[in-house]
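Engineer: Dropping the structure in here first, questions after.
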Amino acid sequence: MLLNRSIAFMMKPIDPRVNRLPGFGQGSIQPKAPLDQLGTYEVFVQAKEGKPFQHEGIVHASDIELAYILAKETFTRRFTCVSLYVTETRDVYVSPLTDGQTSSYELLPPATAGNGPTEAYEVYHLVKRGKQHVHVGEVMASSPQEAMHSAKEKFGAGKVVYNVWVIRKSNIRYTNEADKDLWLTLPEKKYRDAADYKAGDKLTAFLERVKHSV
Amino acid sequence: MYGGGNTFEGIKTDSLAQEDPQKLAEFEARIARGEKIEPTDWMPELYRKQLVRMIEQHAHSEIIGALPEGTWITRAPGFKRKLSLMAKVQDEVGHAQLLYSAAETLGKSREQMIDDLITGKSKYSNIFNYPAFTWADSCFISWLVDAGAIVNQLANAKGSYGPYCRALDRICAEESFHLKYGHHCVIYLASGTEKQRQMFQEALNRWWPPMMHFFGPSDKISAHTEVLMRWKVKMSTNDDQRNQFLDMYVPKIWELGFTIPDPNLKKNPETGRWDYTEPDWEEFKRVINGDGPCNKERLEVRRVAEERGQWVREALKSPSLRYVTPLA
């Protein structure tokens, strides 16, 4: 037997916002203009003071300031957060991805001396495939390639690292002191937590009422 | 919010013959060992294609799924419910962002995915092509549609593709609030006035058939999924997920004194599985192909949103902007 359906017909919009939209139902559906292919920015979050930053994902934005705001909205609406930073995807220098007992540091191309000024780089490691890249520290170098080799010397000894990222610090939009207010109200937003929806007493009272009315 | 396997499209495994057999064997061995596949790892084209399709459909489902509930924010009963529903809708849109990003790592741009949604080329979960007439409909979605989505997403979070699994871990953590909020709303309706109880019973009557569709066609008629299961793209069959949902939530619905509109629904003591009236798969196909009560409205909302946002995108254009495929 098939279940009968009661509303298998096309209906007028019932969303009051939709009914107010100018032009609703009058346009044909066409591919949109190719305008919103904005830049991609990688997002790194620090959950607690003293814990390392961790890669969380990306946002699309027109510039790094907007990327920072979107990152805050996308990745830190709940859970604890004390800081985050963003950088353009193209500014992250990536080593080969490896597996098994092969460390990515073993596959680096030979170091070439950079001719630019020495700068600071943030260094990220992937030490467990399937997990996120985690911050391990910073190095000074005159090129990204040199930064990879400096990271190998400083952080790569005696362990298998499946992937290394280095990011020039000058390309990062960090959290400054004034920004830290962004997360001050997070603990107050209990309506975002499952624990705020306790209805056990109401359910018990209802079940008792039903039992006594039978 | 998403139920997997929602199309009848088969998969063609012919392309596997074109793949390098040694690389294919290494790829399958990696998955068999329980390791994740990352964007720069070698993968068969069929794996990439199926993942893009699945993650993209999931992302569209989140963004379209926010529409029937979003319309109830202004009419939710009381400030607290409005606040909660607003947070939930924001979560759903945020989930879409995470999922589009995961799909992008496989090489399809977000812009192309949005185009395919608007033009109807890509699908989304069928259940969102039905209307939310009353507050009780919104409560049904928050509790039971999200419950179904959690069944599906918890399974897929153990899949093989790293970026998708990481997005799902975050999404599942957030969905737990949705589920508890939805249950809270329904308990209040159930223990309220007769009119409130009647309102939820009517919502249950309307939404039960789409809910049974939610997990996709019956295993008896769905496309062959053996290779997708082996590659951990699909983690359990449609019928297994449907059965798990019934196991977890039918007792809770009955506990509240509501009647599920299926006279054949019962747990079979011999098989340990649920017997139920076979859902109307013809209707499922009709709705997914565009002939549902709200298909036109849902896509029109997206089209108008794109059109109205065009001047903003135009203003943001800059020669220095460069789209780069996300890293992980």
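The values are calculated or read from the model by the stated rules, or taken from the named source; none is laboratory data. All of these numbers come straight from a predicted model, not from anything done at the bench. Cβ placement follows ideal geometry from the backbone for every residue including glycine, while neighbour counts extend to all protein chains displayed.
Engineer: Considering only residues that are of a type outside the set (Lys, Arg), crowded, with 16+ Cβ neighbours inside 10 Å and at pLDDT 95 or above, which ones fall in the stretch A:172-196?
Structural biologist: A:Ile172, A:Thr175
Engineer: Now, a different point. Scan B:Glu278, B:Glu300 and give me the residue that is within 8 Å of chain A (Cβ to nearest Cβ), crowded, with 17+ Cβ neighbours inside 10 Å and not polar (S, T, N, Q). Show your work before the answer.
Structural biologist: Working: B:Glu278 fails: crowded, with 17+ Cβ neighbours inside 10 Å.
Checking each option against the conditions leaves just B:Glu300.
Engineer: Can you confirm whether B:Gly290 is at positive phi and under 20 Å from the mean Cα position of the chain (by Cα)? Spell out how you get there, then give the answer.
Structural biologist: Working: at positive phi: yes; under 20 Å from the mean Cα position of the chain (by Cα): yes.
Yes; evaluated as a whole, the condition is true for this residue.
Engineer: Looking at the stretch B:171-208, which of its residues are free of Cβ contacts under 8 Å to residues at least 24 places away in the same chain, part of a helix (DSSP H, G or I), at the interface with chain A (Cβ under 10 Å from one of its Cβ atoms) and more than 30 Å from A:Glu56 (Cα to Cα)?
Structural biologist: B:His184, B:Tyr188
Engineer: If A:Gln46 satisfies every condition in (1) over 25 Å from B:Glu175 (Cβ atoms); (2) in contact with a Pro (Cβ under 9 Å, 6 or more places away or on another chain) but one, which is the exception?
Structural biologist: (1)
Engineer: Moving on. Here are some conditions: (1) farther than 28 Å from B:Gln196 by Cβ; (2) under 25 Å from the mean Cα position of the chain (by Cα). B:Thr271 meets all but one. Which one does it not meet?
Structural biologist: So the condition that B:Thr271 fails would be (2).
Yes/no matrix, rows are residues, columns are (1) closer than 24 Å to A:Phe206 by Cα; (2) within 19 Å of the chain's Cα centre (by Cα):
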{"site": "B:Cys185", "(1), (2)": "yes, no"}
{"site": "B:Thr193", "(1), (2)": "yes, no"}
{"site": "B:Arg197", "(1), (2)": "yes, no"}
{"site": "B:Trp208", "(1), (2)": "yes, yes"}
{"site": "B:Pro217", "(1), (2)": "no, yes"}
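Engineer: Within the stretch B:77-161, which helices (runs of 4 or more DSSP H) (wholly inside it) include 3 or more residues that are facing another protein chain (nearest Cβ under 10 Å)?
Structural biologist: Numbers: elements: B:79-104, B:110-118, B:135-140, B:146-156.
By residue number, B:79-104, B:110-118.
Engineer: So, in the stretch B:243-272, of the ones that are charged (D, E, K, R) and away from chain A (no Cβ under 14 Å), which residue ends up nearest to A:Gly200 (Cα to Cα)?
Structural biologist: From the stretch B:243-272, those charged (D, E, K, R) are B:247, B:252, B:255, B:262, B:266-267, B:270; that's our starting set.
Next, from what is left, pick out any that are away from chain A (no Cβ under 14 Å): B:247, B:266-267, B:270.
Details: B:Asp247: 20, B:Lys266: 26, B:Lys267: 26, B:Glu270: 33 Å.
Restricting to residues being charged (D, E, K, R) and away from chain A (no Cβ under 14 Å), the top hit is B:Asp247.
Engineer: Oh, and also: Output the residues belonging to the stretch B:244-260 that are part of a helix (DSSP H, G or I) and among the β-branched types (Val, Ile, Thr). Show your work before the answer.
Structural biologist: Step one: list which residues in the stretch B:244-260 are part of a helix (DSSP H, G or I), which gives B:244-255.
Hits for the stretch B:244-260 are B:Val250, B:Ile253.
A quick yes/no check of all residues on (1) of a type outside the set (Gly, Ala, Ser); (2) more than 18 Å from the chain's Cα centre (by Cα):
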site: B:Ala17; (1), (2): no, yes
site: B:Lys36; (1), (2): yes, yes
site: B:Pro39; (1), (2): yes, yes
site: B:Pro68; (1), (2): yes, no
site: B:His95; (1), (2): yes, no
site: B:Ala103; (1), (2): no, no
site: B:Leu106; (1), (2): yes, yes
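Engineer: Return the total of residues in the stretch A:180-198 being farther than 17 Å from B:Tyr181 by Cβ and either in a loop (DSSP other than H, G, I, E, B) or facing another protein chain (nearest Cβ under 8 Å) (or both). Please lay out each step first, then the result.
Structural biologist: Initially, the stretch A:180-198 is screened for residues farther than 17 Å from B:Tyr181 by Cβ, giving A:180-188.
Checking which are either in a loop (DSSP other than H, G, I, E, B) or facing another protein chain (nearest Cβ under 8 Å) (or both) leaves us with A:184-185.
Count: 2.
Engineer: While we're on this one: Please work out if A:Leu97 is hydrophobic (A, V, I, L, M, F, W, C), modelled with pLDDT under 95 and surrounded by 13 or more Cβ atoms within 10 Å (Cβ to Cβ). It would help to see each step written out before you state the result.
Structural biologist: Numbers: hydrophobic (A, V, I, L, M, F, W, C): yes; modelled with pLDDT under 95: yes; surrounded by 13 or more Cβ atoms within 10 Å (Cβ to Cβ): yes.
Spelling it out, A:Leu97 is indeed hydrophobic (A, V, I, L, M, F, W, C), modelled with pLDDT under 95 and surrounded by 13 or more Cβ atoms within 10 Å (Cβ to Cβ).
Engineer: Let me ask something additional. Can you name every residue in the stretch A:46-63 that is touching a residue at least 12 places away in the same chain (Cβ under 8 Å), out of contact with any Cys (no Cβ under 8 Å at 6 or more places or on another chain) and away from chain B (no Cβ under 11 Å)?
Structural biologist: Matches in the stretch A:46-63: A:Lys48, A:Glu49, A:Pro52, A:Phe53.
Engineer: Of the residues B:Met235, B:Met211, only one is touching a Gly at 6+ places or on another chain (Cβ under 7 Å), in contact (Cβ under 8 Å) with a residue 24 or more places away in the chain and within 12 Å of chain A (Cβ to nearest Cβ); which? Break it down into steps so the answer makes sense when it comes.
Structural biologist: Working: B:Met235 fails: within 12 Å of chain A (Cβ to nearest Cβ).
Result: B:Met211 is the single residue among B:Met235, B:Met211 that is touching a Gly at 6+ places or on another chain (Cβ under 7 Å), in contact (Cβ under 8 Å) with a residue 24 or more places away in the chain and within 12 Å of chain A (Cβ to nearest Cβ).
Engineer: Right, next: Quick one: is B:Glu306 under 30 Å from A:Asp63 (Cβ atoms), among the acidic types (Asp, Glu) and facing another protein chain (nearest Cβ under 7 Å)?
Structural biologist: Taking the combined requirement at face value, the residue satisfies it.
Residue-by-condition table, conditions (1) over 14 Å from the mean Cα position of the chain (by Cα); (2) acidic (Asp, Glu); (3) surrounded by fewer than 17 Cβ atoms within 10 Å (Cβ to Cβ):
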site	(1), (2), (3)
A:Phe44	no, no, no
A:Gly50	yes, no, yes
A:His55	no, no, no
A:Val59	no, no, no
A:Ser62	yes, no, no
A:Glu65	yes, yes, yes
A:Thr74	no, no, no
A:Val86	no, no, no
A:Tyr93	yes, no, yes
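Engineer: Going through the stretch A:151-167 one residue at a time, which ones are surrounded by 21 or more Cβ atoms within 10 Å (Cβ to Cβ) and touching a strand residue (DSSP E or B) at 6+ places or on another chain (Cβ under 7 Å)? I'd like the intermediate steps shown before the answer.
Structural biologist: Taking the stretch A:151-167 as the starting set, the residues that turn out to be surrounded by 21 or more Cβ atoms within 10 Å (Cβ to Cβ) are A:151-152, A:156, A:161-167.
Within the stretch A:151-167, A:Ala151, A:Val161, A:Tyr162, A:Asn163, A:Val164, A:Trp165, A:Val166, A:Ile167 meet the criteria.
Engineer: Please report, ordered by residue number, the helices (runs of 4 or more DSSP H) entirely within the stretch B:274-328 with at least 3 residues that are in contact (Cβ under 8 Å) with a residue 60 or more places away in the chain. Let's see the steps before the verdict.
Structural biologist: Working: elements: B:281-286, B:295-308, B:310-316.
Of the helices (runs of 4 or more DSSP H) lying wholly inside the stretch B:274-328, those with at least 3 residues that are in contact (Cβ under 8 Å) with a residue 60 or more places away in the chain span B:281-286, B:295-308.
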